[in-house]
Amino acid sequence: MTTPAPAKRRLSALAALVLSVAATAAPGLSMPASGKTSWDYAGQNGPTRWSELDPAFETCGRGRTQSPVDIADRVTRGGTPLEIDYKPTPQRIVNNGHTIQLDYAPGSTLSVAGRTFHLLQVHFHSPSEHEIAGERYPMEVHFVNRAADGTLAVLAVLVERGEANPTFARILDDAPGKGEVRVARNGATIDASGLLPKVTGHYTLIGSLTTPPCTEGVAWYILEHPVAFSSDQIEAFRTFYPNNARPLQPLNGRTVLRN
Ligand SMILES: [Zn+2]
């Protein structure tokens, strides 16, 4: 691809400050411990090689509770309802070389069975990483939350083609180039709850990060109902990342609860 950007990606109306990711590494998952080892979604540094790229990535190959999975077998009624309390946050968008990410300031929470997780960041994959009964979706949104003891909970929302989503439109309009962070300077805020469907029935299982170092013990909450993005929005994301989905991993006997 030699054209710099499609005409659709107009310049943002927001006054924005662009910084390099390295200079402003945010807490959260955008910079894993072994951030120096490069990895990719295809080729020599692709998913089947992740575990060989760095000793810290060993779990990507040896782990028995890896993500993503196909939600099809071993689904049982259970789990508890989610209480999602996501609020607007000052707009700060990172292009970390693997995805486009909206960083979140403290104050937004996901609560499950009396346990509270704080939203750290929201990012995107295309195509979807999880499948439902063998069906892959055009995209998937991950809301990464962390409890006080460090336990991670990821809320996953599958994306189907439909109407344009206004929140995703703003993220696309202000997404910076690889390795850059764009911070809105006029105090503009953005609300990630605009990326959620209205119904929050979900599947839950224990899995892992879907990027190196593939750390296990992550609580996954995969919403049953997708959210809609337009075909133009999905294509616009793919101009940044045409394929940033890890292949499916085996369930290895895990049970999936459906609430
Ligand atoms: Zn993700």
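The values are calculated or read from the model by the stated rules, or taken from the named source; none is laboratory data. Worth saying up front: this structure is predicted, and the values here are computed from it rather than measured. Cβ sites come from the backbone with ideal geometry, for glycine too, and all protein chains shown count toward neighbours.
Note on region 124-221: enclosed strands (runs of 3 or more DSSP E) holding 2 or more residues that are closer than 17 Å to Tyr241 by Cβ and away from the ligand (no atom under 16 Å from the Cβ) are 180-184. Glu235 passes every criterion in (1) within 16 Å of the ligand (Cβ to nearest atom); (2) more than 14 Å from the chain's Cα centre (by Cα); (3) in a helix (DSSP H, G or I) apart from (1). For the residues Ala184, Ala228, the requirement of being at pLDDT 95 or above and among the small types (Gly, Ala, Ser) singles out Ala228.
Every test in (1) surrounded by 15 or more Cβ atoms within 10 Å (Cβ to Cβ); (2) not in a loop (DSSP other than H, G, I, E, B) is passed by Leu248 save one, and that test is (2).
Residue-wise test of (1) on the phi > 0 side of the Ramachandran plot; (2) in contact with a Cys (Cβ under 6 Å, 6 or more places away or on another chain); (3) at pLDDT below 70.
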{"residue": "Ala16", "(1), (2), (3)": "no, no, no"}
{"residue": "Ala22", "(1), (2), (3)": "no, no, yes"}
{"residue": "Gly28", "(1), (2), (3)": "yes, no, yes"}
{"residue": "Met31", "(1), (2), (3)": "no, no, yes"}
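Test Asp73 against the stated conditions and say whether it is more than 16 Å from the chain's Cα centre (by Cα), under 30 Å from Arg185 (Cβ atoms) and surrounded by fewer than 14 Cβ atoms within 10 Å (Cβ to Cβ). The answer is no for Asp73.
For region 84-100, filtering for residues that are closer than 20 Å to Leu158 by Cα, more than 16 Å from the ligand (Cβ to nearest atom) and not in a loop (DSSP other than H, G, I, E, B) leaves 2. Cβ separations smaller than 9 Å between residues 6+ apart or across chains give the following pairs from region 194-215 residues that are without any contact (Cβ under 8 Å) to a residue 60 or more places away in the chain to residues that are β-branched (Val, Ile, Thr) and away from the ligand (no atom under 16 Å from the Cβ): Gly194/Thr167.
Of all residues in region 101-123, which are within 16 Å of the ligand (Cβ to nearest atom) and either assigned to a strand (DSSP E or B) or of a type in the set (Val, Ile, Thr) (or both)? Please lay out each step first, then the result.
Going residue by residue through region 101-123, those that are within 16 Å of the ligand (Cβ to nearest atom) are 101-104, 110, 117, 119-123.
Across region 101-123, the qualifying residues are Gln101, Leu102, Asp103, Leu110, Phe117, Leu119, Leu120, Gln121, Val122, His123.
Any residue at all in region 61-83 that's assigned to a helix (DSSP H, G or I) and not hydroxyl-bearing (Ser, Thr, Tyr)? Within region 61-83, one or more residues are assigned to a helix (DSSP H, G or I) and not hydroxyl-bearing (Ser, Thr, Tyr).
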